[in-house]
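Novice: One structure coming up, written as structure tokens, with questions to follow.
The values are calculated or read from the model by the stated rules, or taken from the named source; none is laboratory data. As the structure is a prediction and not an experimental result, all values here were calculated from the model. FYI the Cβ positions are ideal-geometry reconstructions off the backbone, even for glycines, and counts take in every protein chain you see. When the accessible area is computed, the model is the full protein with side chains, heavy atoms only, and any ligands, DNA or RNA have been set aside. Shrake-Rupley method; radii C 1.70, N 1.55, O 1.52, S 1.80 Å.
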Amino acid sequence: MSETFFVTTALPYANGPFHIGHIMEYIQADIWVRFERLQGKRVHFVGADDAHGAPIMLKAEAEHITPEQLVARIGAGRARYLEGFHIGFDHWHSTHSPENTALSQDIYRRLKAAGLVYSKPIEQFFDPVKGMFLADRYIKGECPKCHAKDQYGDACEVCGSVYAPTELIAPYSALTGAKPVLKSSEHFFFRLSDARCVAFLHEWLAVAGHVQPQVANKAREWLAGKGEQALGDWDISRDAPYFGIPIPDAPGKFFYVWLDAPIGYLAALKSYFESGKARANGELRSFEDFLTAPDTRQVHFIGKDIIYFHTLFWPAMLHFAGAPYRTPDNVHVHGFITVSGAKMSKSRGTGISPLRYLELGMNPEWLRYYIAAKLNANVEDLDFNPADFLARVNSDLIGKYVNIASRAAPFISRHFGGAIDYPGGTEALTQRAREVLEQVRASYDAREFGRAMREIMAFADRVNQEFDARQPWVLAKDPAQREALQDSCARALYSFKTLTCLLAPVLPAVAERVARELFGLDRALTFADALEPPRRIEPYQHLMTRVDPKQLDALLEPPAEPKPPAAAPAQSAAEAPATLSLDAFKQVDLRVARIAAAEAVAGADKLLKLTLDLGTETRTVFAGIKAAYDPATLVGRLTVMVANLAPRKMKFGLSEGMVLAASGPQGGPFLLSPDAGAVPGMRIS
Ligand SMILES: [Zn+2]
């Protein structure tokens, strides 16, 4: 059992702060890392920012800063979230680093030497104004099938057709509006279709534990080439201008961001070793010796949206690059997080804001527990349901777990000066602690965290029932029952210690406080402590408060107090009447609109000029949202507009409607967005 783990989570793209999906993944991985450490395993847990690619380059350009400055700014904001939710990465690095450049170029050279890299010219759209090749997401035009306007270069969001950007009618660059021209350029490809790759991947996928069975099936479908389609080779190069790692011996060519992003796991590990932190964690081997050791386990936690990269390209790249590189031992895939059943969207930023959660003073361990209680080892989505969150945290953590110590400890302090004795002996207690420990350990080990939490709470129920049955508050009144009182409270506190050890991967801060404040230990608890009867306690101190429904409301509800509509030329800001007839409401024609263009208005401090695509027509609307939105970030997103508002002549032009936004004392305006699936022109009712 001397295996040492190297654990990563997917690298977040460094163009914005963490969202709740990141935090969920990190909590899952962190629980597993803490679990392994509690049973004595050594773990190296590293993360990094995914810093390269066109979106970061263009965003930095829009902000008139360098990509390095943008990445540094985003990177500087990470610690607040990680510390806030007790996520204990040993090291945090960036793919824009010397380590990653060296490793990516080394792996590329090895793949090339193995005959798995080739180049060929491809024709691609090029923006002559911007002087750059355009990825599909930066090309728009008319759908060749249904003729919807302003569709992206790879698929139509109106009719669902998939096509090549060259099939678009009247294509234009989403960056400049210029008409793109076809231009040829030499690209480099990784030969994933090579028989050696396919054979290796089938072998790798067949090993139990490398990936979950449903993930292996998905990967095999791709390997077989879905339908008529053969397994494609992978275009790994991009032309300058590009923010990335230069390809050796190929001036003006850079690695596609998805090539160097997973190599960033290794770059982060290398930087961790070279920083001396690995040594401080008891790891005395070098980076290369550690990677090549037979007892090393390389474990990746990822979301289901990036299975393709992590189960095909990544293992193949590592295998054919050869030692010291090793293929992943486990790729653990999780589903998405939804909020009250609705999919969160990265691009639209919906869902729960992790920062707001912390700012509201909500306990991070509530969220850790709730996520643990809902996670299993399958690739299933996890729903954050506010009522369920409140009920589970309050009933399980407060009503079951904390309740044991808060009731039993005061009797021991008051009547026995803090000394714990076991008149009934400890053998049977240790035996039942061992049974629950083994059960819960197996569940954690299988990443069945929800099952582990149910087993823990079932044990807590049993302890509470036993405590209630002995009625210590009655025993305490009768000096003749002193021994019975001691025994009932001692049993409860021993079990509380066991429970705390079992919950420690999920509730690290509470476990630390219990160890120090209640049991007077000068070290953290391990699983071995679960079987050690406590012999004395310090006076009980309050451990955790209940979830306040008001905090949940503040977390989830949009700001409620209406301000004069920020998003439109001010209408008379009359108080809303108490009721409105349905017929009156139906007179408002609310529509889903796509923001086709957004620009500042010369001479207006607050206004943005929006071009709204309603599917069948476009409208110009002047909206008072300049303070809250960078126009570049609005282009392409969906919002909601009042389509039958009488046009208003303004100083800057005619405003043909208004967009809807929320605002209140907490901030704003916040533009409304429909859920995924809505398309421009849809009626809202
Ligand atoms: Zn279409």
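Novice: Within the chain, which is the longest segment that contains none of the GluC sites (Glu not before Pro) sitting in a DSSP loop with at most 16 other Cβ atoms within 10 Å? Intermediate results must be reported in sequence, preceding the final value.
Specialist: Details: sites that count: 3, 63, 228, 380, 575, 617.
Longest stretch, sites excluded: 381-574.
Novice: I'd like the Karplus ³J(HN,Hα) series for region 186-197: coefficients 6.51, -1.76, 1.60, θ = phi - 60°, whole numbers in Hz, and an x wherever there's a Gly or Pro.
Specialist: Working through the residues one at a time gives 7, 10, 9, 10, 8, 7, 5, 6, 4, 4, 5, 5 Hz.
Novice: Can you run phi through the Karplus equation (6.51, -1.76, 1.60; θ = phi - 60°) for region 512-522 and list ³J(HN,Hα) in whole Hz, with x for Gly and Pro?
Specialist: So the Karplus estimates, Gly and Pro as x, are 5, 5, 4, 4, 7, 7, 8, 9, x, 8, 9 Hz.
Novice: Still on this structure: For a test of the definition: using alpha carbon positions, the gyration tensor, and the 1.5 limit on a/c, classify region 582-684 as rounded, prolate or oblate.
Specialist: Numbers: a/c = 1.38, a/b = 1.28, b/c = 1.08.
It is rounded, given that a/c, with a ≥ b ≥ c, falls under 1.5.
Novice: Based on alpha-carbon centroids, what's the gap between region 612-668 and region 241-268 in Å, whole number please?
Specialist: Here the answer is 39 Å between Cα centres.
Novice: Taking the simple approach of a point 7 Å from Cα along Cα-to-Cβ for both residue 214 and residue 516, what is their distance in nm?
Specialist: 4.1 nm
Novice: So in the chain, which Cys have no other cysteine's beta-carbon sitting under 4.7 angstrom from theirs?
Specialist: Cysteines lacking a close Cβ partner in the chain: 197, 489, 501.
Novice: Okay, moving on. Can you give me the angle between helix 67-76 and the longest principal axis of the chain, using Cα atoms only, in degrees from 0 to 90, rounded to the nearest 10?
Specialist: 20 degrees
Novice: What angle, in degrees between 0 and 90 and rounded to the nearest 10, separates the Cα long axis of helix 449-470 from the longest principal axis of the Cα atoms of the chain?
Specialist: Its long axis makes an angle of about 30 degrees.
Novice: I'd like the carbon and sulfur percentage of the solvent accessible area for the chain, probe radius 1.4 Å, heavy atoms only, ligands and nucleic acids excluded.
Specialist: Working: 15660 of 29390 Å².
In the chain, the share of accessible area belonging to carbon and sulfur is 53 percent.
Novice: Given contacts defined as C-alpha pairs under 8 Å and at least six residues apart, what's the relative contact order of the chain, whole-number percent?
Specialist: Working: 1197 pairs, mean separation 81.9, N = 685.
Computed over the chain, the figure is 12 percent.
Novice: Can you give the net charge of the other residues whose Cβ lies under 10 Å from the Cβ of residue 86, counting K and R as +1 and D and E as -1? Walk me through the numbers on the way to the answer.
Specialist: Numbers: positive: 34, 368; negative: 30, 83, 365, 512.
The answer is -2.
Novice: Which shape class, rounded, prolate or oblate, goes with region 191-327 when its Cα gyration tensor gives a ≥ b ≥ c as root eigenvalues, a/c under 1.5 marks rounded, and past that a/b bigger than b/c marks prolate? Show your work: numbers first, answer last.
Specialist: On the way: a/c = 2.11, a/b = 1.22, b/c = 1.73.
Note, shape of region 191-327 comes out oblate.
Novice: OK, next. At 0.36 nm per residue, minus the direct Cα-Cα distance, what do residue 285 and residue 388 gain on full extension? Give it in nm, one decimal, please. Numbers along the way, then the final one.
Specialist: On the way: separation 103, 0.36 × 103 = 37.08 nm, distance 4.65 nm.
That pair, residue 285 and residue 388, stretches by 32.4 nm at full extension.
Novice: What pairs in 140/179; 112/183; 179/609; 59/606; 130/179; 112/253 have C-alpha atoms more than 18 Å from each other?
Specialist: 112/183; 179/609; 59/606
Novice: Roughly what would the spin-label model give for residue 305 and residue 145, points 7 Å off Cα along C-beta, in nm?
Specialist: Distance between label points: 2.3 nm.
Novice: Give the long-range amide H neighbours of residue 384: residues separated by 5 or more places, or on another chain, with amide H under 5 Å away, using H modelled in the peptide plane at 1.01 Å from N.
Specialist: 338, 339, 340, 341
Novice: Between residue 119 and residue 179, take the C-beta separation as r, use R0 = 25 Å, and let me know the FRET efficiency to the nearest 0.05. Let's see the in-between values first.
Specialist: Details: r = 28 Å, r/R0 = 1.13.
After rounding, the FRET efficiency stands at 0.35.
Novice: Starting from the amide H of residue 589, placed 1.01 Å from N in the peptide plane, find each other amide H under 5 Å away whose residue is 5 or more places distant or on another chain.
Specialist: Distant-sequence amide H within range of residue 589: 643, 644.
Novice: Along Cα→Cβ, 7 Å out, is where each label goes; now give me the distance between the ones at residue 2 and residue 155 in nm to one decimal.
Specialist: According to this spin-label approximation, the distance is 5.0 nm.
Novice: Fully extended, how many nm does the chain gain between residue 587 and residue 445 (0.36 nm per residue separation, minus their Cα-Cα distance)?
Specialist: Values: separation 142, 0.36 × 142 = 51.12 nm, distance 5.81 nm.
That pair, residue 587 and residue 445, stretches by 45.3 nm at full extension.
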